[in-house]
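What follows draws every value from the coordinates through simple rules; no lab data is involved. Only a predicted model underlies this, so the values are computations on that prediction, with no experimental measurement involved. Reconstructed Cβ throughout: ideal geometry from the backbone, glycine too, with neighbour counts over all protein chains shown.
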Amino acid sequence: MRRFLVLVLMFVSIHANQLGLSEKLGETVPLDLTFINEKGERVTLKELMDGKPTMVSLNYFKCTGICTPQLNDMAKMLSRLDLAENQDYKVITISFAEDEGHELAAAKKKTMLHAIQREFVQDAWHFVIGENNSSGIFADKVGFEYQKTVSPAGVVDYVHPATLIMLSPQGKITRYLNGIEQLPFDVKMALLEAGEGKVGPTIAKSLLYCFAYDPKAKTYIFKWEKIAGAVMTFIMIAFFIYLVKTSRREEDKSQHKGDN
């Protein structure tokens, strides 16, 4: 029974890590990673952060799933955030797609800045693409799991979660804020703590995952990997519960016979 329990826990743990985030709170990302910004310039993470606490989102600019809703919510949240951008904090959106150029980054930045409903310092929110797999390295350092998929029609997609990652000015991972929608107060507190290098617990443990887009049906569909994984996890847990209950009944019967 104990061996079976260990196997179940190992399976659930491994499967959960493959699906979304392997949190690395307190660890540090390398500030010398280089990216290409929306102007086509080569910049380091240190230059992008400029010594400020920074919130980072990992997306890809051609995403037809949750990336746009997440970025739209970020624009809405930044409209109401009671901190001074470029002084109190910075924002970076990193594309992890291999085939995206800085032109897409520039277009996405223009759209998102236009969505912010107040005066906003344009240099406070950077949209960048990777150089020499810097996006993949960054994602690995923060425990952000994503998977590239190619449909039979040749459409490239990515399975990935939605989260905001808070970094201290020194690059320490201080907090994760999971999901699409974030409250300005939660973000403010997370940024203030990041500025002090304080590591905080994850907000909103539930993760949302990117949908795939079916161009023929013109609709969003779940990735089969996620469904299959959830079903397998449920079956394993249900089987474990069944074995526990069966074992308890057998123990009760043995005790009853012994009393007699």
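Structural remarks
- Highest to lowest packing among 120-130, 31-41, scored as the average C-beta count within 10 Å: 120-130, 31-41
- Residues with amide H under 5 Å from that of THR163, placed H, sequence gap 5 or more: LEU58, GLY179
- The stretch 71-145 and the stretch 157-189: distance between their alpha carbon centers, rounded to Å: 12 Å
- Among the listed pairs LYS52/LYS108; LYS24/LYS245; LYS46/LYS148; LYS52/LYS76; LYS39/LYS62, those with a Cα-Cα distance over 25 Å are LYS24/LYS245; LYS46/LYS148.
- Here THR68, THR163, THR174 are placed in order of increasing Cβ neighbour count within 10 Å, fewest first, which gives THR68, THR174, THR163.
- Taking a Cβ cut-off of under 14 Å around PRO30, the surrounding Lys, Arg, Asp and Glu residues balance to a net charge of -1, with basic ones at +1 and acidic ones at -1.
- With the simple spin-label model, which puts each label point 7 Å out from Cα in the Cβ direction, the ASP140 to SER247 separation comes to 3.9 nm.
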